[in-house]
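Worksheet: the structure to be examined is printed underneath.
The values are calculated or read from the model by the stated rules, or taken from the named source; none is laboratory data. All figures in this text were calculated on a predicted structure; none of them were measured in a lab. Every residue, glycine as well, gets a Cβ built from its backbone with ideal geometry; the counts of neighbours run over all protein chains shown. With ligands, DNA and RNA removed, areas are computed over all heavy atoms of the protein, side chains included. Shrake-Rupley method; radii C 1.70, N 1.55, O 1.52, S 1.80 Å.
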Amino acid sequence: CTKCGTSIKNVLEAFRKLKIPAKLIVVNNDFDCIKTHLKLLSQQYPIYLSCEFISNKGRGRNKHNYHAIAMFKEQIYDPIEDFELPIESFNHAYNKSLEIKEIILVGITDN
């Protein structure tokens, strides 16, 4: 982890050092477009998501925030929140879009 955050490659390496099987998948797609797929995947695997939140308060440029969240059994675990959220209500965190950059499926080998 650096002052700029933790890269997804470092997270993947940490899983591997702990001997936890994990597979990195590059997604680069809008959350709403792949929500159904994420729901299905989360039924079987814990998922670590690298995201870009895009918001705008009505003036100036869009604000881009990079953030990581976890997902399991259709619940979102966001380190900013004190509780888990159902995937259907997660759009409170942004008002423009949420792009999923990469995901790590935890518990699956990278074959």
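How much net charge surrounds residue 89 when only the other residues with a Cβ under 14 Å from the Cβ of residue 89 are counted, with Lys and Arg +1 and Asp and Glu -1?
So the surrounding residues net to -4.
The label-point distance for residue 25 and residue 83, in a model that sets each label 7 Å from Cα toward Cβ, rounds to 3.0 nm. Taking θ as phi - 60° and the Karplus parameters 6.51, -1.76 and 1.60, the scalar couplings of segment 19-25 work out to 6, 9, x, 7, 10, 8, 10 Hz in sequence order, x denoting glycine and proline.
As a fraction of the 1.4 Å probe accessible area of segment 11-85, surface on carbon and sulfur atoms comes out at 53 percent.
Annotation: per residue accessible area for the chain equals 65 Å², rounded to a whole number [probe 1.4 Å, protein chains only]. Local charge for residue 75 was computed over the other residues whose Cβ lies under 12 Å away, with Lys and Arg +1 and Asp and Glu -1, and equals -3. For segment 46-62, putting each phi into the Karplus relation 6.51 cos²θ - 1.76 cosθ + 1.60 with θ = phi - 60° gives couplings of x, 10, 9, 10, 9, 10, 10, 8, 10, 9, 8, 8, x, 8, x, 7, 5 Hz, in residue order, rounded to whole numbers and with x for Gly and Pro.
What pairs from 17/73; 19/39; 17/101; 9/101 go past 19 Å between their alpha carbons? Over 19 Å Cα-Cα: 17/73; 19/39; 17/101.
Estimated from helices alone, the mean residue ellipticity of the chain at 222 nm is -6500 deg cm²/dmol (sum of -39500 (n - 2.57) over DSSP H runs with n ≥ 4, per residue). Relative to the Cα centre, the charge distribution of the chain, modelled as +1 at Lys and Arg Cβ and -1 at Asp and Glu Cβ, gives a dipole magnitude of about 400 debye.
Can you figure out the FRET efficiency of residue 40 with residue 61, using R₀ = 25 Å and their beta-carbon distance, to the nearest 0.05?
So, using R0 = 25 Å, E works out to roughly 0.10.
Projecting the Cα atoms of 86, 18, 38 onto the charge dipole of the chain (Cβ charges, centred on the Cα centre) puts 18 farthest toward the positive pole.
Hey, what does the equivalent ellipsoid look like for the chain, semi-axes from the Cα gyration tensor as sqrt of 5 times each eigenvalue, largest first, whole Å?
Each semi-axis is the square root of five times an eigenvalue, giving 24, 17, 12 Å.
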